[in-house]
Amino acid sequence: MQFTELPLDERILLGIRDAGFTECTPVQEATFKHSLNGTDVCAQSQTGTGKTAAFLITIFRNLRHLKAKKALIIVPTRELATQVEKEARLLGAHLDYKVACIYGGVGYKTQERQLKEGATIIVGTPGRLLDFHQSRRLNFRDVGIVVIDEADRLFDMGFIPDLKKMLRAMPPADKRQTMLFSATLSFLVKELAWRFMNEPAEVEIAPQHLTVDTVTQELYHVSNEEKFPLLLGVLAQEQPKNCLIFTNMKQTTVDIARRLKRNGMDCDFITGDLPQKERLKVIEGIKSGRIRLLVATNVASRGLHVDDLDLVINYDLPEDCEDYVHRIGRTARAGKQGKAVSLACERFVYALESIEKYLGMKIPVIWPDESMYAQDKSRAQRPSRGHRGRVRSGEKKSAHVSR
């Protein structure tokens with residue numbers, strides 16, 4: 001279905017054209033059948049399928065019929081909040097709606113000003129949204145449309161009580177439109193939908209389509225000792241324009257980034273410990289092309305959208321099968337081609353069976369020959385086991401929770 005076939009205002013269509021969209025993705029088409037009529041929607045949708053545009057376009061069209069009402073988009077992380085805000089500004093460039101982005105880890109002044117200036121569309125993380133509500137700077141009774149994005153991730157991060165508190169403070173389910181998007185429609189997700197939504201239409205993707213079809217997946221079995229030389233070999237073979245390298249632990253992230261630098265590679269890292277200002281700087285670096293390689297924990301597996309990302313490498317196989325889907329979903333977005341390479345060492349190979357069961361397929365195995373193991377120039381320079389320095393000097397540790 002073409003976007004021009006939808007009952008949309010010409011100003012909305014102009015924003016869609018600006019974004020380069022012409023044809024609806026399957027999730028968008030299935031969502032619009034219900035959402036544009038004001039019906040609640042509970043959708044299973046993996047990352048990279050166009051769900052953000054699905055709920056934003058619905059908001060743009062339906063909000064005009066709700067006088068003095070606002071749209072609230074609840075997301076799990078700061079990174080996803082800023083990404084949704086950016087897409088809202090692009091798609092809504094020809095509309096009069098003002099957008100506010102509300103999240104923790106930064107000061108209140110800019111966010112307060114956005115609300116005072118009459119933001120109609122508010123995207124944010126649960127804790128900070130509740131802070132503004134409790135201080136009477138944001139009234140949930142004004143919400144006419146609410147979107148719960150990546151509901152499964154919100155649940156994993158312990159935000160269920162906050163979500164329920166916010167939904168109870170809003171108008172009743174039959175007096176607002178609610179859209180919920182989740183990679184999986186688990187019992188907890190469906191229970192929330194049953195309690196706080198008004199007879200939602202369900203949109204589901206079959207389990208065998210949980211991963212994007214245009215991602216080429218490969219798996220290498222490797223010992224922990226040979227893992228980093230193989231990583232160097234994969235990078236040398238693939239020569240990616242840009243690449244996300246995922247690890248399971250913060251210290252591994254820092255260590256791998258340091259060793260890649262010592263091997264002459266342009267890279268950076270991101271973990272939950274980085275101050276928000278620095279995290280945003282790093283994310284902008286990988287998006288703009290200033291940073292070629294980014295080493296990350298799962299903090300970057302959701303909500304980080306990089307146009308035309310060539311390659312995702314699972315340096316560590318994730319222990320949660322759903323995390324695997326979200327990680328590799330950083331590439332091959334919106335129908336484009338991409339590749340995901342996983343290194344299965346003895347420490348994390350036990351997760352492979354559950355990942356493949358969840359995918360409903362075997363990940364193709366590549367057996368590396370000796371030429372694939374590159375020389376590691378950092379081996380002789382590696383710090384002692386007790387050293388916990390960082391790649392960038394002078395950086396202070398700071399822990400932030402998305403609020």
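The values are calculated or read from the model by the stated rules, or taken from the named source; none is laboratory data. Everything numeric here is computed off the predicted structure, so don't read it as measured data. FYI the Cβ positions are ideal-geometry reconstructions off the backbone, even for glycines, and counts take in every protein chain you see.
Some observations on this one:
- Residues being outside any helix (DSSP H, G or I) and either closer than 22 Å to Arg141 by Cβ or assigned by TED's automatic domain parsing to the domain that holds Ile102 (or both) are represented in region 57-66 by at least one member.
- Hey, Ser182 among the hydroxyl-bearing types (Ser, Thr, Tyr) and either over 19 Å from Asp323 (Cα atoms) or not assigned by TED's automatic domain parsing to the domain that holds Arg136 (or both) or not: no
- Residue within region 227-249 that is out of contact with any Leu (no Cβ under 7 Å at 6 or more places or on another chain), more than 24 Å from Asp323 (Cα to Cα) and without any contact (Cβ under 8 Å) to a residue 24 or more places away in the chain present: yes
- Of all the listed residues (Glu79, Glu85, Glu29), the sole one being at negative phi, in contact with a Cys (Cβ under 8 Å, 6 or more places away or on another chain) and not in a loop (DSSP other than H, G, I, E, B) is Glu85.
- Some residue of region 127-144 being farther than 22 Å from Leu280 by Cα and assigned to a strand (DSSP E or B): yes
- Residue check for Val143: of a type in the set (Val, Ile, Thr) and surrounded by fewer than 24 Cβ atoms within 10 Å (Cβ to Cβ): yes
Let's see how each residue does on (1) in the same structural domain as Ala81 (by TED's automatic domain parsing); (2) farther than 27 Å from Ala53 by Cβ; (3) under 19 Å from the mean Cα position of the chain (by Cα):
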| site | (1), (2), (3) |
| --- | --- |
| Gly124 | yes, no, yes |
| His133 | yes, yes, no |
| Glu150 | yes, no, yes |
| Leu154 | yes, no, yes |
| Gly158 | yes, yes, yes |
| Thr178 | yes, no, no |
| Phe187 | yes, yes, no |
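- Among the residues of region 160-176, the one identified as among the acidic types (Asp, Glu) and either under 20 Å from Arg128 (Cβ atoms) or assigned by TED's automatic domain parsing to the domain that holds Cys321 (or both) is Asp162.
- A single entry from Thr211, Thr184 fulfils the requirement of being modelled with pLDDT under 95, in a loop (DSSP other than H, G, I, E, B) and under 23 Å from Gly124 (Cα atoms): Thr184.
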